[in-house]
Amino acid sequence: MTEPSAASVVPSTDRAGYLPARPLTGDLTEELLATDIWTDELVARAGIPIVDVPFVTVGSGIGSFVTVDYLRIAGVPTSQIRVLGTLDHPWQTYEYLTRVSQVPRPERLRSDSASRPDNIWGFPSYGVSEFLRTGNVKLLWNLFSEPIFSDYYTPRAGQAFEAMEREARRIGYHEMLIKGLVRVVRRRYGGGYFTILTPPAGASATKRVAFRSQFVHVAVGYPGLKFLPELQRYRTEHNDYRHIVNAYEAHEHVYERLLQRPGTVLVRGGGIVASRILQRLMDDRLLHGAQTSIVHLFRTYINGPNDGYGNEHDPRPGGGAPRLTMRRRGGDGWAYQGFNYPKSVWGGQLKAQVRKLEGEQRAELYKRMGGTNTPWRRLWQRQMDQGRREGWYACVVGTVEDMQPSGEGILNLVRTVRGTVPIQADFVIDCTGLEADIAEHRLLDDLLRHGGARRNPVGRLDVDRNFELIGTASGAGAMYASGATTLGGYFPGVDTFLGLQVAAQEIQGDLARRGFGKRIDPVRSTVQWWKWLAGSAP
């Protein structure tokens, strides 16, 4: 594998140094699409220019960023890494999703103080950094007393984004970024891979550019949103995308309309996003004079200790007493848990346990650890208590049988244990957090069909303990994956800040054993931490 030159690979589309010398059609052919393992001649025959670079990461989000951060700290120069994706900066998609789900920059994320994508050492933590910046002694008390005497400390969204921006500048992230959409990654005859990029219009003389590399990392985030069947059916049949919205899509018009005149909102879901949506609706009512009535629809009502299957007071299928060692608090419909998973999945007994399990046993444990949950927060509890007392916040347990237009709103027919109940609402906000199947993502579908990838016990991409995609090896080359698409593997909590870091650490360690980059031993780690603190390049 030849090392790329400055003339063959460039960091930005306005310096399109990878353009071929003469105009070519340079597009994917039927022959290419039908072939699982490509030769150099096959790609050249299609007129697609080839760029050589040892390591390619696909996605350009936080998963790519964290992995590249580890590689740079391990001594890999920017010339040997290329980040392929559509994002201008790694946190772009995450910031959009947090903002529309009512966690703008001033609000706090659901993330541990030491889970820093910009800092592989986790020290100083977000909490300590905020204390040093503000001098607020209450922050130290919060850190030392959580979660017994105070809520878990979590960082502000803006704090996390600003820290990642600083680290991106330090490691030369934008020198490695190539903008464009990746459609396919195919194995190369003789070893390694071809990653096909579609550059932005006008950035290349060909429609596609092929990156030939020994290693590929796939971190494309969530495959996409998925609506409940009745919600999608209503939106499609009535062409109504204004009154029924998903919490992860822009819907500020709902809050603006409710500030102008009284209305009723049906909120569906019982997780962290639902709690944030409720807080926004309740803040608007209590602080800004909105006259909003809120009906909160739970599919499963939690009113006691519970696990991923239900709780000991739940008479429906899936209920039943949880194991004593895997109980979380619950009440008023909610399952309470500080973070997405118990903290031991990142470095304790659950992490060790999952690494030993296979097949259905691992899937079973994921069900026990998972389930919809949200942190317990004093502010939310006070707001809900006030809403229940004053009658503008009510809970209903059941499932929606039908939805019909009614005036300027929607009539929801909800089946409960006492029969069908009609609920008239001006807006419906879906917070169920359903995710599309990985096969609905074009690149992931191609990996399953042609790249040798397969599904794990919960239906996501199957990776080994080093996060190498099982079945995709190509000679001396290796393909890795991290993030939400690998949920169900040997390491839980993959779709979190700390989870992405754990995956990146395993990937970097495996690459170092293969001779790509250096091992981050105690000496290198110490030296690199001081460089991080000083803001100097690795």
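The values are calculated or read from the model by the stated rules, or taken from the named source; none is laboratory data. It should be emphasised that the depicted structure is a prediction, and the values quoted were computed from it without experimental measurement. Cβ atoms come from the backbone with ideal geometry, glycine included; neighbour counts cover every protein chain shown. The protein model used for the area step is the full one, side chains on, heavy atoms only, and it has no ligands, DNA or RNA in it. Shrake-Rupley method; radii C 1.70, N 1.55, O 1.52, S 1.80 Å.
Helix 378-390: angle to the longest alpha-carbon principal axis of the chain, degrees 0 to 90, nearest 10?
Roughly 40 degrees, rounded to the nearest 10.
Aspartates and glutamates within cross-link reach of Lys179: Cα-Cα under 15 Å, excluding same-chain residues under 8 positions apart?
Once the sequence-local aspartates and glutamates are set aside, what remains near Lys179 is Asp14, Asp88.
Peptides 172-179, 350-357, 241-248: what's the order by average Cβ count within 10 Å, highest mean first?
172-179, 241-248, 350-357
Output the relative contact order of segment 432-490, whole-number percent, from Cα pairs under 8 angstrom with separation of 6+ residues.
Computed value for segment 432-490: 29 percent relative contact order.
Normalised by the residues of segment 162-288, what does the relative contact order come to in percent, with Cα pairs under 8 Å and at least six apart?
This gives 12 percent for segment 162-288.
If you put +1 on each Lys and Arg Cβ and -1 on each Asp and Glu Cβ, how big is the dipole of the chain around its Cα centre, in Debye rounded to 20?
The dipole magnitude comes to about 1040 debye.
Measure off 7 Å from each Cα along the Cα-to-Cβ vector at Arg378 and Leu287, then give the distance between these two points in nanometres to one decimal.
Spacing of the two 7 Å Cα→Cβ label points: 1.7 nm.
Can you give me the Cα centroid spacing of segment 353-395 and segment 473-492 in angstrom?
28
List residues of segment 378-400, by number, whose backbone nitrogen lies under 13 Å from a label position 7 Å along Cα→C-beta of Thr416.
In segment 378-400, the label zone of Thr416 (backbone N under 13 Å from the point 7 Å along Cα→Cβ) covers 394-400.
Roll a 1.4 angstrom probe over the protein heavy atoms and tell me the percent of accessible area of the chain that is carbon or sulfur.
Here it works out to 52 percent.
Which one, Ile178, Thr264, Ala335, is farthest towards the positive end of the dipole of the chain when Lys and Arg carry +1 and Asp and Glu -1 on their Cβ?
Ala335
Just to be sure I understand, if you calculate Cα extents along the principal axes in Å for this structure, which of [x] 70, 55, 46; [y] 65, 49, 41; [z] 136, 66, 64 do you get?
[x]
So with the 1.4 Å probe, I'd like the accessible area per residue for segment 422-502, rounded to whole Å².
On a per-residue basis, segment 422-502 sits at 30 Å².
Sorting check: for 499-512, 147-160, 404-417, 261-274, which peptide has the highest mean count of neighbouring beta carbons within 10 Å, and how do the rest follow?
Ranking, from highest mean packing down: 499-512, 261-274, 147-160, 404-417.
Need the list of lysines near Lys367 for cross-linking: C-alpha distance under 24 angstrom, and skip anything on the same chain fewer than eight residues off.
Lys226, Lys343, Lys351, Lys356
Need the list of aspartates and glutamates near Lys138 for cross-linking: C-alpha distance under 19 angstrom, and skip anything on the same chain fewer than eight residues off.
Glu107, Asp112, Glu130, Glu146, Asp151
Considering Cα pairs under 8 angstrom that are at least six residues apart, work out the relative contact order of the chain and quote it in whole percent.
Once divided by the residue count of the chain, the mean separation gives 19 percent.
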